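Asks: Just dropping this structure here.
The values are calculated or read from the model by the stated rules, or taken from the named source; none is laboratory data. Since the structure is predicted, the reported quantities are computational estimates derived from the model, not experimental observations. Cβ placement follows ideal geometry from the backbone for every residue including glycine, while neighbour counts extend to all protein chains displayed. To get the accessible areas, we keep the full protein, side chains included, count just its heavy atoms, and leave off ligands, DNA and RNA. Shrake-Rupley method; radii C 1.70, N 1.55, O 1.52, S 1.80 Å.
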Amino acid sequence: MEGTGNSELLFVYLIGTIGMLLLAGGIFFFFIAYQKRLLNKQLELNRVVRNQQEEIIKNTIQAQENERKRIARDLHDEVGAMLSVVKLTVGRIEKKAEAERTKELANETKAYLDDVILQVRRISRSLLPPSLEKLGLYFALEELANWVNKSDQLVIECWKSGEQFRFESKQELAVFRIVQELVNNAIKHAEAGRIAINIRFSQQNVALVVEDDGKGFFMEEKMQTGLGLRNLESRSEMAHAKFKMKSFPGKGTRAIIALQVDE
């Protein structure tokens with residue numbers, strides 16, 4: 001009887017132990033499954049937030065382009081025309097004036113107006129370069145380089161290899177804006193003295209290299225805090241282009257844009 005009691009006690013102990021192990025295992029697997037679901041939810045939330053941020057950036061870029069087009073048209077069609085009329089009026093005053101001092105003032109005013117008209121044209125072309133639509137990407141980049149070189153802030157050299165071909169206008173504009181922003185960054189932040197723009201056309205591929213001799217920066221820091229880099233990446237995505245940038249303090253900055261266009 002005692003042996004039977006011990007056997008029953010051992011059996012109950014084993015059953016209890018197995019039950020506790022199963023319960024512990026169930027709790028463990030439930031915890032793992034819960035953690036996995038929680039992680040998936042967090043990843044999904046991060047993906048949604050990231051997509052929303054990218055969509056906001058793209059919408060902002062598109063809104064900027066629309067506003068640039070509007071301002072460029074207003075500057076060219078209205079402000080530029082009004083300044084030209086004012087210049088003609090000053091010219092008439094200069095011709096009819098009898099006093100020498102009045103003629104001198106009219107001549108100085110015409111010179112000032114010429115400078116203002118030149119600046120308006122420069123701003124208008126910067127906002128929406130007509131050469132991009134009429135002649136293509138390389139000629140627009142050459143024009144950008146010429147305008148910057150006239151300012152004597154730094155020197156931009158622009159080269160082309162291969163025969164230029166045209167591709168989708170939105171892609172051309174997006175690539176031009178990327179280079180334009182890289183140039184602006186080199187002028188404002190990098191304190192560069194020289195910028196080189198090299199564009200290569202080969203079959204249905206377009207590749208650009210933009211590099212400067214500025215002070216450079218740590219890429220890791222800019223990737224975390226630099227909204228400008230995110231804008232460049234978003235523009236690259238809109239152009240269906242690949243974008244890479246390398247920089248290091250004291251070593252300047254080098255950016256590569258590459259895309260394959262449809263025939």
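Asks: How far apart, in nm, are the 7 Å Cα→Cβ label points at residue 94 and residue 230?
Replies: With each label placed 7 Å out from Cα toward Cβ, I get 5.2 nm.
Asks: How far, in nm, would the chain grow between residue 184 and residue 260 when pulled straight, counting 0.36 nm per residue and subtracting the alpha carbon separation?
Replies: On the way: separation 76, 0.36 × 76 = 27.36 nm, distance 2.57 nm.
Between residue 184 and residue 260, full extension yields an extra 24.8 nm.
Asks: Continuing with this model, one more query. Where both residues lie in the stretch 132-260, what percent of DSSP beta bridges are antiparallel, nearest 5?
Replies: Values: 22 of 29 bridges.
Once the DSSP bridges in the stretch 132-260 are tallied, antiparallel ones form about 75 percent.
Asks: In whole Å, how far is the Cα centre of the stretch 241-263 from that of the stretch 141-203?
Replies: For the stretch 241-263 versus the stretch 141-203, the Cα centre distance is 12 Å.
Asks: Something else about it: With the cut-off at 1.5 for a/c, could you classify the stretch 132-260 from its C-alpha gyration tensor as rounded, prolate or oblate? The partial results should precede the final answer.
Replies: On the way: a/c = 1.87, a/b = 1.27, b/c = 1.47.
Because a/c hits 1.5 or more and a/b fails to exceed b/c, the stretch 132-260 counts as oblate.
Asks: Now for a separate question. How many percent of the accessible area of the stretch 143-242 is carbon or sulfur, using a 1.4 Å probe? Let's see the in-between values first.
Replies: On the way: 2610 of 5410 Å².
Reported share for carbon and sulfur atoms: 48 percent.
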